[in-house]
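Accompanying notes for the structure given below.
The values are calculated or read from the model by the stated rules, or taken from the named source; none is laboratory data. These numbers were taken from a predicted model, which means no experiment stands behind them. Virtual Cβ from ideal backbone geometry, glycine too; neighbours counted across all protein chains shown.
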Amino acid sequence: MFNSINMNGRIIYRIEMNRHKLLVLIFLLFAMGVRAQDAWKIKATNIDPKSYYGVTVANGMLGIVSSPEPLKVQNILLGGTYDIYGRGRVDNFLNGFNMLNLKLIINGSTVTRANISNFEQELDMKEAVLKSSFTFKDIAKVTYSYLALRQLPFSVMLDVTVEPLKDATITAVNILETPDAFRDSRYYYNEINRKHVGLGLLTSMAKSPTGKLSIGASSSFLFSEKRGEEPRIIHETPNANSHQMKFSKDIAAGKAYTFSLVGSTISSAYHADPYNEVERLTIFACLEGRQRLMGKHIAAWEKLWQSDITIEGDAQAQQDIHSMLYHLYSFVREGSGLSISPMGLSGLGYNGHVFWDADTWMFPSLLVLHPEIARSMIDYRFNLLEAAKKNAFEHGYRGAMFPWESSDSGFEQTPVWALSGTFEHHITACVALAAWNYYCVTQDMEWLKAKGWPILQATAEFWASRVEKNSAGKYDIKNVVAADEWAENVDNNAFTNAAAKANLKNAIAAAKLVGAKPGNDWEHIANGIVIEKFADGVTREHSTYNGEKIKQADVNLLAYPLKEVTDIAQIRRDLEYYEIRVPEKNTPAMTQAIFSLLYSRIGDRDKTRHFFDDAYKPNILPPFNVIAETKGGDNPYFVTGAGGVLQTVMMGFGGIEITPKGIVQVPSVLPTGWRSVTIKGVGMDKRTFKR
């Protein structure tokens, strides 16, 4: 009996001890997991070229896309530079010169993936630096960093440190190849020698595919040695498609050696003399020096991050939101007069064209956090307003009709086979809404008079000529491609009609503010535009819609951002009807973000969380959690989707609302599991909103 009691006691004791250990283990794992989800850094430690989707470091003008190969980048993109080649007989983004192409030779062996170990890469989002490291055999440790210099829009930098474990000789070769699509390439090597500085400039010039543009690139090594002690640079032309410069250096065991490579690129789209200017830019960057280049870059990003989102209760979401903000900040810059394509500066997706993605999905978050950057996107539309007027004229309409796909010309760039280019007219109202919201946030009356009103007036005139009066005295908009692009050539699309209505009403409001006369029929037309419903009160997507699957959000956009639907019961009714009509795969990432935003505003925490997670997590690709356009897709980085999720967090969870009187906070709830969200640096006066 005693033994039985003793045995049971030991069993009970062991169970309690094991339970305690299990709880401690769970706590430690949880703590490690939280620490692992660094809010600012994403690390890749198992780099597999077969499952590698590059991450981009960009400065709003140049994008550097990472590679799974040591000391390589996949490509460098120069924003706003287009020419016709290959795809669709329309303008395309160009893969530019790769000024940072480096080959490192140590003791006679070229560094490759096959002869290195401990290869790691880390994206530091706070400083916008991609840092990498590896060990070369038993000879040296190498660390290197890529920067798209924020303070210098046309310049990039590679910083390399070699830590020899044994005495070694290194040779660094900078190879400047001409991209396949370019033609008429010319190669130059120039030396600048002064008492205090010596530079070797490796420069290439070429024509774009049709000869429309001249594009130049230049690079230079930046050494840490004193003047006169730098390594000797040798220039070579190994083939007709490239040239290179190189230096060699003996380094002693235990003594780290650092050098940098600075490069610039510019085209005749920006400067009439790209050859001379690109060398000037490289010289300027070099004479700034390594420390000043890095310091100014980091300071510029520190200023950007004064507008930030912080989350309590979800460490992974915090990292993900920082990644989305990082990419959005990276893909556009103040004063550029450029907008953003769906893939930003991460690749050639959608030919680098600008869609409603920019105005509807990316612009609002930038507008709230950095109005000065958002202004570049509106300037882009204003600068192409005359082309939009010609487009309307071609189609028999008045006012301005913006192209569905836009490049640098302002004319339609959608491939002919895609009907959206001819019929997806809601883009015009999306541009107008962005212009109106810019005024609402900034309250800049001078801007409204000079740029906002001309956009709103011309787009309102377009809709006044686009509508058709029906037998009931109401106004139809016929034959459009809906926001749900699977609905082609339909009548009375809910989003198109409601967006046109908002365009007209905002134009009327703008006219009153600037002392102009609105169109005589604008208000009458706006009040008479048809928005159809089913018998049970659900908003009908278009006149012939009968419950089929939809590609993306359409009707639900009437609640946000259009504010056409404000009744909570109606918002819920439309949500419950359309949320089950979006397929699991092969649809863009923005739809679920809108569902989450609206459920937050009507107070459903569980559905808010479900659709928040579903908006982007199934789209994440390794190793840097870049976002693809669709679940299972492979075309990163889909900054449109990121823009949608950021609006979910800011305008949904944070309750931020843009009104004619400025930014206010409206009721909303956080997703299940979150404790708080804080949005700082909001608007012109940099306020903080917390929920």
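Worth a mention:
- Some residue of region 213-230 being of a type in the set (Val, Ile, Thr) and either closer than 19 Å to residue 98 by Cβ or at pLDDT 95 or above (or both): yes
- Subset of region 453-512 [touching a His at 6+ places or on another chain (Cβ under 6 Å) and hydroxyl-bearing (Ser, Thr, Tyr)]: 496
- Some residue of region 363-376 being buried (at least 24 other Cβ atoms within 10 Å of the Cβ), in contact with a Cys (Cβ under 7 Å, 6 or more places away or on another chain) and within 24 Å of residue 305 (Cα to Cα): no
- On inspection, residue 336 passes the criterion of being surrounded by fewer than 22 Cβ atoms within 10 Å (Cβ to Cβ) and part of a loop (DSSP other than H, G, I, E, B).
- Enumeration of residues in region 148-199 that are among the polar types (S, T, N, Q) and either surrounded by 19 or more Cβ atoms within 10 Å (Cβ to Cβ) or without any contact (Cβ under 8 Å) to a residue 24 or more places away in the chain (or both): 155, 174, 178, 185, 193
- Some residue of region 400-412 being touching a strand residue (DSSP E or B) at 6+ places or on another chain (Cβ under 7 Å) and assigned to a helix (DSSP H, G or I): no
- Checked against the criterion of being under 20 Å from residue 311 (Cβ atoms) and in contact with a helix residue (DSSP H, G or I) (Cβ under 7 Å, 6 or more places away or on another chain), the candidates 673, 654, 633 yield just one match: 673.
- Residue that is under 15 Å from the mean Cα position of the chain (by Cα), at pLDDT 95 or above and surrounded by 17 or more Cβ atoms within 10 Å (Cβ to Cβ), where the choices are 64, 42: 64
- Test: residue in region 515-534 that is of a type in the set (Gly, Ala, Ser), touching a helix residue (DSSP H, G or I) at 6+ places or on another chain (Cβ under 8 Å) and surrounded by 22 or more Cβ atoms within 10 Å (Cβ to Cβ): yes
- Only residues that are surrounded by 14 or more Cβ atoms within 10 Å (Cβ to Cβ), farther than 17 Å from residue 444 by Cβ and of a type outside the set (D, E, K, R) were counted in region 657-688, giving 11.
- Residue list for region 225-240, restricted to those being surrounded by 13 or more Cβ atoms within 10 Å (Cβ to Cβ) and in a loop (DSSP other than H, G, I, E, B): 230, 231, 233
- The selection criterion, being of a type in the set (A, V, I, L, M), within 18 Å of residue 590 (Cβ to Cβ) and modelled with pLDDT of 95 or more, does not hold for residue 664.
- Residue in region 419-441 that is free of Cβ contacts under 8 Å to residues at least 12 places away in the same chain and among the small types (Gly, Ala, Ser) present: no
- Scanning region 302-326 for residues that are aromatic (Phe, Trp, Tyr) and surrounded by fewer than 21 Cβ atoms within 10 Å (Cβ to Cβ) yields a single hit, 305.
- For region 474-510, a residue qualifies if it is among the small types (Gly, Ala, Ser) and either out of contact with any Gly (no Cβ under 7 Å at 6 or more places or on another chain) or at pLDDT below 95 (or both), and the qualifying residues are 482, 483, 487, 494, 498, 499, 500, 502, 507, 509.
- Summed over region 463-481, residues that are over 17 Å from residue 401 (Cβ atoms) and either in contact (Cβ under 8 Å) with a residue 12 or more places away in the chain or assigned to a strand (DSSP E or B) (or both) total 6.
- Scanning region 635-660 for residues that are under 19 Å from residue 318 (Cβ atoms), in a loop (DSSP other than H, G, I, E, B) and under 12 Å from the mean Cα position of the chain (by Cα) yields a single hit, 637.
- Residue within region 493-509 that is in contact (Cβ under 8 Å) with a residue 60 or more places away in the chain and more than 35 Å from the chain's Cα centre (by Cα) present: no
- Filter result (hydrophobic (A, V, I, L, M, F, W, C) and in contact with a Gly (Cβ under 9 Å, 6 or more places away or on another chain)) within region 346-366: 358, 361, 362, 363, 366
- Odd one out for residue 119 among (1) farther than 29 Å from residue 216 by Cα; (2) hydrophobic (A, V, I, L, M, F, W, C); (3) in contact with a Gly (Cβ under 8 Å, 6 or more places away or on another chain): (3)
- Sole residue being touching a helix residue (DSSP H, G or I) at 6+ places or on another chain (Cβ under 6 Å), over 30 Å from residue 309 (Cα atoms), crowded, with 21+ Cβ neighbours inside 10 Å and of a type outside the set (A, V, I, L, M), chosen from 411, 402: 402
- Of all residues in region 545-578, those satisfying the criterion of being of a type in the set (Val, Ile, Thr) and either outside any loop (DSSP other than H, G, I, E, B) or surrounded by 17 or more Cβ atoms within 10 Å (Cβ to Cβ) (or both) are 550, 555, 565, 568, 571.
- For beta carbons closer than 7 Å, sequence separation of 6+ or different chains, a first residue in region 117-137 that is at pLDDT 95 or above and a second that is of a type in the set (Asp, Glu) and part of a strand (DSSP E or B), the qualifying pairs are 131/122; 131/124; 132/120; 133/120.
Per-residue answers, yes or no, for (1) in a strand (DSSP E or B); (2) in contact with a helix residue (DSSP H, G or I) (Cβ under 8 Å, 6 or more places away or on another chain):
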| residue | (1), (2) |
| --- | --- |
| 68 | no, yes |
| 74 | yes, no |
| 89 | no, no |
| 100 | no, no |
| 105 | yes, no |
| 132 | yes, no |
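- Neighbours by Cβ (under 8 Å, 6+ apart or cross-chain): first from region 521-543, modelled with pLDDT of 95 or more and hydroxyl-bearing (Ser, Thr, Tyr); second surrounded by 14 or more Cβ atoms within 10 Å (Cβ to Cβ) and part of a helix (DSSP H, G or I): 539/494; 539/555; 539/558; 539/570; 539/574
- Check on residue 387, surrounded by fewer than 23 Cβ atoms within 10 Å (Cβ to Cβ) and outside any loop (DSSP other than H, G, I, E, B): yes
- Residue within region 669-678 that is in contact with an Asp or Glu (Cβ under 7 Å, 6 or more places away or on another chain), part of a loop (DSSP other than H, G, I, E, B) and under 15 Å from residue 325 (Cα atoms) present: no
- Some residue of region 248-266 being acidic (Asp, Glu), closer than 24 Å to residue 145 by Cα and at pLDDT 95 or above: yes
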